[in-house]
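The values are calculated or read from the model by the stated rules, or taken from the named source; none is laboratory data. Quick caveat: nothing in here was measured; it's all calculated off a predicted structure. Every residue, glycine as well, gets a Cβ built from its backbone with ideal geometry; the counts of neighbours run over all protein chains shown. The area values use the complete protein model at the heavy-atom level, side chains included, leaving out ligands, DNA and RNA. Shrake-Rupley method; radii C 1.70, N 1.55, O 1.52, S 1.80 Å.
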Amino acid sequence: MHDGSLGGVLRLIREGRALTRTDVMDVTGLSRSTVMQRLGVLLDAGLLVEQPEAGPSSGGRRPAALTFNERVGIVLAADLGAEHGRLAVYDLAGVVLIEEQAPLRIADGPEPVLDWVERRFDALLAEVKREPGDVLAIAIGLPGPVEDGRPVKPPIMPGWDDHPVAERLSERFGAPALVERDVNAMALGEHRHNWPDVANLVFVKIATGIGAGIITGGELMRGHHGRAGDIGHIRAYRESDELCTCGNRGCVAVLASGSALVRQLHEAGVDVATTADVAALVQSGDTLATHLAREAGRVLGAALAAVVSVVAPSLIVVGGEMGDASEPMIAGVREGVYQQASTLATRHLRVLGTRLGQRVGVVGVATVALEHVLDPANVDALLARRGIAA
Ligand SMILES: [Zn+2]
């Protein structure tokens, strides 16, 4: 027997497991009158569309076919990093309608950054000719720990601690707003899009900072205060007196992050200012940059070995501005993990670069928004947004 709630019926049709009224009755075991009532509500709300005589024939007149109306609304997705932002508008089929990226300084604080995000969303909505009233959810990824829609003491985001990010965006667009630690969203996006059958996956982001998103049993592991996967602040196996943004010394992040590589290259007399500069240098085949990136990968890999022993993933995916652009870095991560973790833990473990490139963050954030909107438990909220009481 299937979940016969409104949300359950909508999901059946959306996933293609029921095409006609009879299918819905067969799969759910609900009476004809209950099915008619449920479908009536969903059709009135515009969540379903009906095509007469488009269903499969069983001898007589062909029945009407029911399909999910993917154009009924949109979601807004913003992936904010330390130095850049990527914004997109998605329809409910998960198709990106428009996307843009721009430089950004998260350290400028929440007011200017969120003002900018809101203005850009307005502009993108206008470009795809959709109304603010079409927005069914907003999701935003931030480069730090998040809990209940607010950042929690994020080391590289001065001024953002406990800022009501979700409340502000929700009020502005009149729809639910979800705030997620960026690397959690990346892990979810990578999993749903590329590895839905891999139950245990760790996504590692190497950008200005370092973090991991952990999928266990197909779902995101958040941990206390959303801090699960905060691997950048594990103490590195190599000695270092360098002070970390977290206040400790010798963290993995001070040896292996994009900003660590900027510092190391700078000390060697190379003129680099940003993680993007380092990534470009490594890609150009520069000997010193390549060596440092590989070494950074090894340090990170050694720290990941502990994660591997605890979580037992079958796949580690590396991404982020630095990780995505740098095969030597991924090779270093692979070496570090295989050297430091037990043979038993790594026997079936693969370490790969992301297939989504620099889009992984925004794809992940959009996934967060879409899963929220389409969750059967949230269908009442969806109907209310369409002006219909369930
Ligand atoms: Zn630290």
Quiz item: How big is the gap, in Å, between the Cα center of the stretch 272-292 and the Cα center of the stretch 29-52?
Solution: 58
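Compare Met25, Met186, Met36 by solvent-accessible area with a 1.4 Å probe and give them largest first, with all protein chains kept in place. Working shown, then result.
Working: Met25 40, Met186 15, Met36 75 Å².
My answer, sorted largest first, is Met36, Met25, Met186.
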Self-check item: Average Cα contact separation per residue, the chain, under 8 Å, 6 or more apart, as relative contact order %
Solution: 15
Quiz item: Do the sum for the chain: with -39,500 (n - 2.57) for every DSSP H run of n ≥ 4, divided by all residues, what is the mean residue ellipticity at 222 nm, to the nearest 500 deg cm²/dmol?
Solution: -13000 deg cm²/dmol
Quiz prompt | Among His193, His233, His372, residue whose mean-square fluctuation peaks in a GNM of the chain (springs only between Cα atoms under 10 Å) | solution = His193
Exercise. Provide the solvent-accessible area of His348, counting protein heavy atoms only and rolling a 1.4 Å probe, rounded to the nearest 10 Å².
Key: 140
Quiz item: Exactly which trypsin sites (Lys or Arg not before Pro) in the stretch 1-46 are in a DSSP loop and have at most 13 other Cβ atoms within 10 Å?
Solution: Arg17
Quiz item: Taking the chain as a Gaussian network, Cα atoms linked when under 10 Å apart, which of Ala102, Ala185, Ala296 shows the biggest mean-square fluctuation?
Solution: Ala102
Exercise. Percent of Cα-Cα pairs per 20 Å bin, from 0 to the last occupied bin, for the chain, please list those.
Key: 27, 50, 21, 3, 0
Practice problem: Please work out how much accessible surface Val379 shows to a 1.4 Å probe, ignoring ligands, DNA and RNA, in Å² rounded to 10. | Solution: 10
Quiz item: When the accessible area of the stretch 155-205 is computed with all protein chains present and a 1.4 Å probe, what percentage of it is carbon and sulfur?
Solution: 50
Quiz item: About its Cα centre, how strong a charge dipole does the stretch 59-170 have in debye, to the nearest 20, once Lys and Arg get +1 and Asp and Glu get -1 at the Cβ?
Solution: 620
Quiz item: Ignoring ligands, DNA and RNA, how do Leu344, Leu201, Leu356 rank by accessible area with a 1.4 Å probe, largest first?
Solution: Leu344, Leu356, Leu201
Self-check item: Solvent exposure of the chain as accessible area per residue, Å², 1.4 Å probe
Solution: 43
Quiz item: When all protein chains stay in place, what accessible area (Å², nearest 10, 1.4 Å probe) is found for Arg386?
Solution: 90
Quiz item: Counting Lys and Arg as +1 and Asp and Glu as -1, each charge on the Cβ, what is the dipole of the chain about the Cα centre in debye, to the nearest 20?
Solution: 1000
Quiz item: Near Arg11, within a Cβ-to-Cβ distance under 15 Å, what is the net charge of the other residues, with Lys and Arg +1 and Asp and Glu -1?
Solution: -4
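How high is the relative contact order of the stretch 6-68? Use alpha-carbon pairs under 8 Å, at least six apart in sequence, and give a whole percent.
34
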Quiz item: Kirkwood hydrodynamic radius for the stretch 195-357: how many Å is it when counted over pairs of different Cα atoms?
Solution: 15.6
Self-check item: Contact order relative to length of the stretch 301-350, as percent, for alpha carbon pairs under 8 angstrom and 6 or more apart
Solution: 63
Self-check item: Residue order for Arg168, Arg61, Arg347 - accessible surface, 1.4 angstrom probe, largest first
Solution: Arg61, Arg347, Arg168
Quiz prompt | Among Glu335, Glu15, Glu83: highest mean-square fluctuation, GNM of the chain, C-alpha pairs under 10 Å | solution = Glu15
